[in-house]
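The values are calculated or read from the model by the stated rules, or taken from the named source; none is laboratory data. If you're wondering where the values come from, they're calculated on a predicted model, not measured in any experiment. Reconstructed Cβ throughout: ideal geometry from the backbone, glycine too, with neighbour counts over all protein chains shown. Ligands, DNA and RNA are stripped out before the accessible areas are found, and what is left, the full protein with its side chains, is counted by its heavy atoms. Shrake-Rupley method; radii C 1.70, N 1.55, O 1.52, S 1.80 Å.
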Amino acid sequence: MNKKIFPLMAAAAMMLLTACYHDKHEFTPNEFDGKPVGYVAPQLLWEDEADAAAIGSINALSFQVQGANGVSRARSFSSIEESADWLQQLPAGEYDILVTADMDEPSGYVLAATGTPAENMLTPTSVSLREPASSPRQSWYAVTHVTISEDKITVAEFRLRRLLTTLTLNIGNMPESYTINAKVEHIAQSVLLTSQTTAGHYGVPSEDELTVDFGSMPSTGTSFSMTKRLMPTASSAERTIIHLYLVTPQGIEQDCTIDAPNMQIGQNYKLDLNYDDIHPYIYIKSTGVNDWEVGNDLNGGQVHQ
């Protein structure tokens, strides 16, 4: 549930913020040839409150600011705490701001500018994984619009959204000495962070798609389980295809194709199957929820074999 700030509280918070900045340092001299200027400060929130536990582990935070007047600024920080002290001077006007958290090259991500602005003022920015099957640590992003007024501090509110989909495969009651490999088809090659969906959410998976190799699934006796963080399903595909390859001790391979609903940005998906449930083709019917989980109770979906 989103908390609303009443006007009186918002005004008090703004006065306190302004006073704190004046106490710490004077505002920088006008950097824009005498044009009327104001200031923007970030307020980072979470789309999913469960992610708030990650606040202490984030070590790469970047802001990209682009105005209708052509003014652009970029700033990076090593923590959320460090970014809280940022006060950016800008000419009065309209601005779009992109923030990314732990979406850097050391974490396994590749960010790229992809063309000229279309839906907003920001340069289109796409993100991909350096290795599609690497399952890097989770990352977050948000885009917001602000109006900068002369001699005022504007607080830009960002609701950080997870980027990667999390997929867990659990296979139980396997005969002894079997091995299992898995692949996932129709995974987006990248996500365009600054584009909006028809529902108005930022982040659109690319039409270009990949097949991601899950690799050999580790086992504990007769149970196999693996979790990976992946890009979501490509926007050109309506479904996600999962291939299971079961290999007997004699080297005979049994294949299973699982036809599942698409995987959306930042969501968690889990398949719980027993060996007796596995057939050459399994169709999972969507029940209208983002998360799907298939097991004996068919929670979140139905298996059609």
Can we say Asp276 is within 18 Å of the chain's Cα centre (by Cα) and at pLDDT below 95?
no
Here's a check for you: in the range 222-259, which residue that is without any contact (Cβ under 8 Å) to a residue 40 or more places away in the chain and among the hydrophobic types (A, V, I, L, M, F, W, C) is farthest from Val212 (Cα to Cα)?
Ile252
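Among the residues of the range 119-131, are any among the basic types (Lys, Arg) and closer than 30 Å to Leu87 by Cβ?
There is no residue in the range 119-131 that is among the basic types (Lys, Arg) and closer than 30 Å to Leu87 by Cβ.
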Look through Leu160, Leu164, Leu193 and report the one residue that is aliphatic (A, V, I, L, M) and either modelled with pLDDT under 95 or closer than 30 Å to Ser219 by Cα (or both).
Leu164
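From the residues in the range 135-162 that are of a type in the set (Val, Ile, Thr) and within 24 Å of the chain's Cα centre (by Cα), which one is surrounded by the fewest Cβ atoms within 10 Å (Cβ to Cβ)?
Top of the filtered list is Val155.
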Condition met for Ser206 (among the hydroxyl-bearing types (Ser, Thr, Tyr) and open to solvent by 30 Å² or more (accessible area, probe 1.4 Å))
no
Go through the residues of the range 108-129 one by one and say whether even a single one is under 18 Å from Gln43 (Cβ atoms) and open to solvent by less than 20 Å² (accessible area, probe 1.4 Å).
no
When restricted to Thr194, Thr179, Thr165, the only residue in contact (Cβ under 8 Å) with a residue 12 or more places away in the chain, polar (S, T, N, Q), open to solvent by less than 30 Å² (accessible area, probe 1.4 Å) and farther than 18 Å from Arg130 by Cβ is Thr194
All positions within the range 1-45 that are open to solvent by 60 Å² or more (accessible area, probe 1.4 Å) and either modelled with pLDDT of 50 or more or part of a strand (DSSP E or B) (or both)
Glu26, Thr28, Pro29, Asn30, Glu31, Asp33, Gly34, Lys35, Pro36, Gln43
Among residues of the range 235-251, those that are in contact with a strand residue (DSSP E or B) (Cβ under 6 Å, 6 or more places away or on another chain), outside any strand (DSSP E or B) and either aliphatic (A, V, I, L, M) or at pLDDT below 95 (or both), counted
1
